[in-house]
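A quick write-up on the structure given underneath.
The values are calculated or read from the model by the stated rules, or taken from the named source; none is laboratory data. Everything numeric here is computed off the predicted structure, so don't read it as measured data. Cβ atoms come from the backbone with ideal geometry, glycine included; neighbour counts cover every protein chain shown. Calculation scope for accessible area: heavy atoms of the full protein, side chains included, ligands and nucleic acids excluded. Shrake-Rupley method; radii C 1.70, N 1.55, O 1.52, S 1.80 Å.
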Amino acid sequence: MPRKFELRKEITLKATPEQVWEAIATGPGIDAWFMGRNEVEPREGGRTAMTIGPSTEEGTVTAWDPPRRFAYGGRYPDAEDFMAFEWLIEGRGDGTCVLRLVQSGVLGDDWESEYDALDTGWDMFLHQLAQYLAWFRGRAAAPVMAMVPDAGDVEQIWPRLYDGLGLDGPATEGDKVRLTPEGLNPIEGVVDYVSPDTLGVRTEDGLYRFVRGHNGMVAAGHHLYADGVDADEAERAWQAWLGRVFQTSQ
């Protein structure tokens, strides 16, 4: 049965509170490291929106105190009830700051799996935020999201992804890699994130993420910082690549 939850996360970032605020409380800033394409109306009572494909989740700003506290929430299509997010920024004297996140709301019948997915997902996204602030701060991103909802046997997802990316097998953080996805330009970079369900590669002009869901979903979620990137064109190319790797119709 549905149940209430509260999830807390904390990360220390090498950035000023103002730089972190720009990344978490503005549409272009959120676009540069999080999911979808985002909008934030900068005031208490303002509108927030996150668009992924044909779906847009809207919310309301409930706290606006730059550069210290930003909170928002709403009733989203995939949630049982109200979902709330609160960001707290605490500056330190050494050029760093602590960012704290509190997410609360109601999860559905499969709440344990949903909670675990949120927990591990935020670990990856907060790492991605740190990578953005360290390597790409202030640069606009073309966010790319391609997905196959059911990629078949979960145990075969990684072998098929590795093969499709031209990798001999699992990589470890710090490895230099050259990805060769068919139909796209080769990608040279360093592995910056590895978990049982995620492979992350950082290049000179992008953060590339490949994710396996517990339900057989597989996704390619990238942030491309090079000038002149057409996000829609890149998204179509990665969607077509996923379709070829997992033999789905487009």
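Just the Kirkwood number for the range 1-139, please: inverse of mean 1/r across all distinct Cα pairs, in Å, one decimal. It would help to have the intermediate numbers written out before the result.
On the way: mean 1/r = 0.0648 Å⁻¹.
One decimal place: 15.4 Å for the Kirkwood radius.
Expressed in nm to one decimal, what extension gain is obtained for the pair VAL106 and ALA49 from 0.36 nm per residue of sequence separation less their Cα-Cα distance? Let's see the in-between values first.
Working: separation 57, 0.36 × 57 = 20.52 nm, distance 1.95 nm.
Difference between extended and current length: 18.6 nm.
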Original post:
Net charge near THR203, counting Lys/Arg +1 and Asp/Glu -1 over other residues with Cβ under 14 Å of its Cβ?
Top reply: 0
Original post:
Using the C-alpha gyration tensor of the range 102-250, what are the square roots of 5 times its eigenvalues, in whole angstrom, with the largest one first?
Top reply: 23, 20, 16
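Assign one of three labels to the range 88-180, namely rounded, prolate or oblate, based on the Cα gyration tensor with a ≥ b ≥ c the square roots of its eigenvalues; rounded applies when a/c is under 1.5, prolate when it is not and a/b is larger than b/c, and oblate otherwise. Walk me through the numbers on the way to the answer.
Details: a/c = 2.31, a/b = 1.24, b/c = 1.86.
Here the range 88-180 falls in the oblate category.
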Original post:
Using r as the Cβ-Cβ distance of GLU41 and ASN215, and R0 as 41 Å, what FRET efficiency do you calculate, to the nearest 0.05?
Top reply: 0.75
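Report, in deg cm²/dmol and to the nearest 500, the calculated mean residue ellipticity at 222 nm for the chain, where each DSSP H run with n ≥ 4 adds -39500 (n - 2.57) and the sum is divided by the residue count.
Values: 5 runs with 62 residues, N = 250.
Helix-only estimate at 222 nm: -8000 deg cm²/dmol.
What length, rounded to one decimal in nm, is gained on full extension from THR120 through to GLU188, with 0.36 nm per residue of separation minus their alpha-carbon distance?
On the way: separation 68, 0.36 × 68 = 24.48 nm, distance 2.61 nm.
That pair, THR120 and GLU188, stretches by 21.9 nm at full extension.
Quick one: net charge of ARG92's neighbours, Cβ under 15 Å, K/R +1, D/E -1? Mind dumping the intermediate values first?
Values: positive: LYS14, ARG68, ARG100; negative: GLU10, GLU18, GLU90, ASP94.
For residues surrounding ARG92, the net value is -1.
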**OP:** Please list 91-98, 56-63 highest first by mean number of surrounding beta-carbon atoms within 10 Å per residue.
**Re:** 56-63, 91-98
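Can you list the equivalent-ellipsoid semi-axes of the range 198-250, largest first and in whole Å, using the square root of 5 times each Cα gyration tensor eigenvalue?
21, 15, 7
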Original post:
Once a ≥ b ≥ c are taken as the square roots of the eigenvalues of the Cα gyration tensor of the range 131-176, is the result rounded (a/c under 1.5), prolate (a/b larger than b/c) or oblate (a/b not larger than b/c)?
Top reply: oblate
**OP:** Quick one: give the max-minus-min coordinate of the C-alpha atoms of the chain along each principal axis, largest first, in Å.
**Re:** 47, 45, 30
Original post:
Rounded, prolate or oblate: which fits the range 12-61, taking a ≥ b ≥ c as square roots of the Cα gyration tensor eigenvalues, rounded meaning a/c under 1.5, else prolate when a/b beats b/c?
Top reply: oblate
Original post:
For the range 13-55, list residues with backbone N below 20 Å from a point placed 7 Å from the Cα of ARG92 toward its Cβ?
Top reply: 13-24
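Which value, in Å², gives the accessible area per residue of the chain when a 1.4 Å probe is used on the protein heavy atoms? Write down the numbers at each step before the final one.
Details: 12730 Å² over 250 residues.
Value returned for the chain: 51 Å² of accessible area per residue.
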Subject >> Cut-off 9 Å between beta-carbons: net charge of the residues surrounding PRO17, Lys and Arg +1, Asp and Glu -1 >> reply: -1
